[in-house]
1. Taking the stated definitions as given, is residue 252 farther than 27 Å from residue 140 by Cβ and surrounded by 12 or more Cβ atoms within 10 Å (Cβ to Cβ)?
2. May I ask you to list the residues in the stretch 62-72 that are among the hydrophobic types (A, V, I, L, M, F, W, C) and farther than 24 Å from residue 350 by Cβ?
3. Only one residue in 359, 374, 352 is more than 18 Å from residue 135 (Cα to Cα) and surrounded by 18 or more Cβ atoms within 10 Å (Cβ to Cβ). Which one?
4. How about the stretch 37-61: which of its residues are surrounded by 14 or more Cβ atoms within 10 Å (Cβ to Cβ), closer than 28 Å to residue 347 by Cβ and free of Cβ contacts under 8 Å to residues at least 24 places away in the same chain?
5. Return yes when residue 117 is in a loop (DSSP other than H, G, I, E, B) and out of contact with any Lys or Arg (no Cβ under 8 Å at 6 or more places or on another chain) and no when it is not.
6. Give, as residue ranges, the strands (runs of 3 or more DSSP E) completely inside the stretch 238-336 that count at least 3 residues that are of a type outside the set (A, V, I, L, M, F, W, C).
7. For the stretch 211-227, give me the residue count where each residue is surrounded by fewer than 13 Cβ atoms within 10 Å (Cβ to Cβ), outside any loop (DSSP other than H, G, I, E, B) and of a type outside the set (Val, Ile, Thr).
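The values are calculated or read from the model by the stated rules, or taken from the named source; none is laboratory data. Note that this is a predicted model, so its numbers are computed, not measured. Glycine also receives a Cβ, built like all others from the backbone with ideal geometry; neighbour counts cover every protein chain displayed.
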Amino acid sequence: MKSQASGKPMTNAVVLGAGMVGSVIAEDLLRSGFAVTIVDYSSDALARVAERSNGAIAIAKVDCSDKDAIRKCIDSAEIVFGALPSWLGLNALETIITSGKSYCDISFMAEDPRKWDALAKEHGVTCVVDFGVAPGMSHILCAHAVHLLDSCERLEIVVGGLPVERTWPFEYKAPFSPRDVIEEYIRPARIVEHGKLITRPALSECVLMDLPGVGTLEAFNSDGLRTLCDTLDVPFMRERTLRYPGHTEMMQVLKAAGFFSEQLVRIDEHTIAPIDMTSKILIESWKYEPGEADLTVMQVEAEGMVGEEQVRLCWDLLDYYDGDADQSSMARTTGFPAASMGKMIADGTIAEPGVHPPESFGSNDAVVLRLLAELEERNVKYKKTMESVR
């Protein structure tokens, strides 16, 4: 198949997952001249993508927990994108690697995806993992800060996706699986202090922060550093998640009461893990209504030296729901970076085999600048500032 605009053969891309993020990736690839197929097990999600694209995006109903089914649906792909729930992420990564396909993935999987690095090198494929907004942009900007500074003493990421309108009781909604959000609330947070890796409970050390354009939010420890813990030599590193004030205490109550427990309990003839019940209930409470506006706020802050001067280097993101395109902010800020990075894999800009976390490319000025430029073209703007610290 050839692109009508250029006459060049179109690159075949397959997107695994037709949720809010997967659909944004697919639509962006389509606008960039790719031939796109999106796969999912949900007929409703697939129908929505087909309708939005007027049939220009091909759809396929596939059980993405089935390795053989994945192999079959990506057989003709030149590049594969992953927008699956975290529990499917690692198996999908292995399947795609052994199928000989390069991959860009946003799955926030609990496991370390680098366990398949040697396998990817063996098969000669390039895989970039965790490439959304955070992790993803957060990580590549942290590494870019280390690259720009002569020495870096501290890195801090604060990030959150929130509904524009605060509604009782949670003052929060999730554009993806509630189970993945709850993982942020129960997984111990890895932090680097004085050059040593430590852990603190999720939801701990909650503080109030005033952020430009948003106002006062609360920030708590979360396990977002992931691979940064051992890829960057910076003595102080931390990630914190942002919510409207009051949400953290409510989640701590649910956690303490056992609603996030994975230990099975028996109720009459039924056995269930409380976390599964809680996730099922929160699907409705945390679901965005059609056209409901959300925002994404992130700040990546680095402190270090340039020559003899101590400086603070910062990137700020504040993004909102796009009503014209009917795309949530979290889907935009997650999906667009993945699409951009995948395009660089497809065109050979990034070609080194292996499984690469986002920070692998932070010292590559051309990759970082292209990524930021393509995001700005889509009205996702990272404001960079650098000032002296007195």
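1. Considered against the rule, which asks whether it is farther than 27 Å from residue 140 by Cβ and surrounded by 12 or more Cβ atoms within 10 Å (Cβ to Cβ), residue 252 comes out as yes.
2. Selection gives 62, 64, 69.
3. Just a single option satisfies the conditions, and that option is 374.
4. 50, 58, 60
5. Here the answer is no, as residue 117 does not meet what is asked.
6. Correct list: 294-306, 309-320.
7. Count: 1.
Every residue, every condition in (1) of a type in the set (Ser, Thr, Tyr); (2) over 30 Å from residue 13 (Cα atoms); (3) at pLDDT 95 or above, yes or no:
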| site | (1), (2), (3) |
| --- | --- |
| 99 | yes, no, yes |
| 104 | no, no, yes |
| 110 | no, no, no |
| 127 | no, no, yes |
| 137 | no, no, yes |
| 149 | no, yes, yes |
| 152 | no, yes, yes |
| 155 | no, yes, yes |
| 202 | no, yes, no |
